[in-house]
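The values are calculated or read from the model by the stated rules, or taken from the named source; none is laboratory data. Every value quoted in this text rests on a predicted model; they were computed, and no experiment measured them. A quick note on method: Cβ atoms are made from the backbone with ideal geometry, for glycine too, and the neighbour counts reach across all protein chains shown. The accessibility values were calculated without ligands, DNA or RNA, using every heavy atom of the protein model including side chains. Shrake-Rupley method; radii C 1.70, N 1.55, O 1.52, S 1.80 Å.
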Amino acid sequence: MKLKTLLLAGVLSGVAFAAQAQTTLTFINCGGKDDPTAPVQAKHIAEWEKANPNFKVAEEYLPWGQCQERATTLAGAGNAPALAYMGSRTVRMLGAADMIVPVSLSAEEKSSYEPSVLATVSFDGKEWGLPRAFSTKALYWNKDLFAKAGLPTDKGPQTFEEVLAAAKAIKEKTGAAGFGIPAASFDNTMHEFLNWLYSNGGSVVDAEGKVTFDSKENVEALEFYGELAKYAQPGPVAYDRAKLEPLFAEGAIAMYTNGGWGRKKAGNVNFGLEMIPAGPSGKKSTLLITDSIVVFKGTGVEDAALSLAKYLTTPERQFEIDVAGGWTPIRNVAGVKDIVAKDPSWSVFIDAIPTGGPEPLMVDYIAMQDAMNEAIQSVVTGEVAAKDAVKKAAEALADLNN
């Protein structure tokens, strides 16, 4: 199997660690202690420490972009943290490098998750992390721009065809871009496209890890994206999703896809939310993304670390974290009804969970992302036909899995 990422190549020499007895559990987190979830997690850790007095948890917070690299670098040097907060996209790479331990879940523990959520950390018939942060996506649409273009405002687009028609009308009649497409060389270029791919019944890999990207459904989804680019903001390759948020708040784009946090970033826009519209070969769906707590191998405290990870992610405690972070709730606990009753806009993000598809897991995640982004960019810019872009990407992805 080809392991092409520089990160993985740098850690392979350190996958065999000497077990060390220790009472301190180092826990690397992404973000900062000013994050609203931090005090909630600290409270839960203190509870676990009280019940397990032989252990002390040392939390280390690092900025995004550094936290995951530090955890894997330490592991590669034989000084792995006990556990770490990692993007679930990394678990296959870490598992293949024998750096983390699989998580043993009882039937009851598994049943507390939607299968689609658990799939974000599953491969080779095992789970390799415990989902910690979770997001689904929705279509944001500007009701005032729809009205200005003479479009209905009682509900947003429900199909690919309706999205295209609305985007075209808005661009022609209002001066605003009909849609915001992220196409920069960044992870959410792939992520946002996957929303549409799943909503057209497409897939990247099957349950056995076989590449399934070269399909009619995926060609249709990418053809749609290429057509949509005609009505998008100028130069989509200069934009990641974060750069689209202020454009939506300013009324410069009429539609785009984002997670639940986008509601707070919409400013004074009179917006609506819809599940990702259905393609001609699919049903409404969404990309399911999780970040997870993983337990590193060879520290000598794997059992204690797993105990802590499971304690932090029990349904009730996890829900406290979800609420504090403004994340889509990972499990359908009793409190979910309360947050929906308080803020009905939550329902579109929660209702999409059973229909969603997981972030694809490959050993070389970065190379997978690059192959898919190249396909998206080449079609959005009009340089390559969707059929040819999908075929080329499928070949690259299959090569990664050999």
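Looking at (1) assigned to a loop (DSSP other than H, G, I, E, B); (2) open to solvent by less than 10 Å² (accessible area, probe 1.4 Å), find the lone condition where Trp196 falls short.
(1)
Tell me which residues, restricted to segment 121-173, are of a type outside the set (D, E, K, R), touching a residue at least 12 places away in the same chain (Cβ under 8 Å) and surrounded by fewer than 17 Cβ atoms within 10 Å (Cβ to Cβ).
Gly150, Thr153, Gln158, Thr159
Do you know which residues across segment 51-103 are among the hydroxyl-bearing types (Ser, Thr, Tyr) and open to solvent by 60 Å² or more (accessible area, probe 1.4 Å)? Steps first, answer last, please.
Restricting attention to segment 51-103, the residues satisfying the condition of being among the hydroxyl-bearing types (Ser, Thr, Tyr) are 61, 72-73, 85, 88, 90.
Of everything in segment 51-103, just one residue is among the hydroxyl-bearing types (Ser, Thr, Tyr) and open to solvent by 60 Å² or more (accessible area, probe 1.4 Å), namely Thr73.
For the structure I just gave you, tell me whether Met190 is surrounded by 19 or more Cβ atoms within 10 Å (Cβ to Cβ) and under 16 Å from Glu161 (Cα atoms). Step through it out loud before you land on a result.
Details: surrounded by 19 or more Cβ atoms within 10 Å (Cβ to Cβ): yes; under 16 Å from Glu161 (Cα atoms): no.
The answer is no for Met190.
Scan (1) open to solvent by 10 Å² or more (accessible area, probe 1.4 Å); (2) part of a helix (DSSP H, G or I); (3) touching a strand residue (DSSP E or B) at 6+ places or on another chain (Cβ under 7 Å); (4) of a type outside the set (S, T, N, Q) for the single condition Ala305 breaks and write down its number.
(1) is the only condition that Ala305 fails.
Residues to consider are Thr24, Thr90; find the one that is modelled with pLDDT of 95 or more and among the hydroxyl-bearing types (Ser, Thr, Tyr).
Working: Thr90 fails: modelled with pLDDT of 95 or more.
Within the list Thr24, Thr90, the selection yields Thr24.
Could you tell me whether Ala305 is at pLDDT 95 or above, more than 18 Å from Leu130 (Cα to Cα) and of a type outside the set (Ser, Thr, Tyr)?
On the way: at pLDDT 95 or above: yes; more than 18 Å from Leu130 (Cα to Cα): no; of a type outside the set (Ser, Thr, Tyr): yes.
The answer is no for Ala305.
In the set Lys310, Lys342, which member is within 30 Å of Ala97 (Cβ to Cβ) and open to solvent by 50 Å² or more (accessible area, probe 1.4 Å)? Talk me through it step by step, then tell me what you get.
Working: Lys342 fails: within 30 Å of Ala97 (Cβ to Cβ).
Step by step, each of Lys310, Lys342 is checked, and only Lys310 is within 30 Å of Ala97 (Cβ to Cβ) and open to solvent by 50 Å² or more (accessible area, probe 1.4 Å).
Assess whether Tyr225 counts as being open to solvent by 20 Å² or more (accessible area, probe 1.4 Å), modelled with pLDDT of 95 or more and either closer than 23 Å to Val348 by Cβ or out of contact with any Ser or Thr (no Cβ under 7 Å at 6 or more places or on another chain) (or both). Write out each step before concluding.
Numbers: open to solvent by 20 Å² or more (accessible area, probe 1.4 Å): no; modelled with pLDDT of 95 or more: yes; either closer than 23 Å to Val348 by Cβ or out of contact with any Ser or Thr (no Cβ under 7 Å at 6 or more places or on another chain) (or both): yes.
No, not satisfied.
Please find, within segment 24-47, the residue that is surrounded by the most Cβ atoms within 10 Å (Cβ to Cβ) out of those that are among the aliphatic types (A, V, I, L, M) and without any contact (Cβ under 8 Å) to a residue 24 or more places away in the chain. Let's see the steps before the verdict.
If we filter segment 24-47 for residues that are among the aliphatic types (A, V, I, L, M), which is where we start, we get 25, 28, 38, 40, 42, 45-46.
Still in the running and without any contact (Cβ under 8 Å) to a residue 24 or more places away in the chain: 38, 42, 46.
On the way: Ala38: 18, Ala42: 13, Ala46: 10.
By that ranking, first place goes to Ala38.
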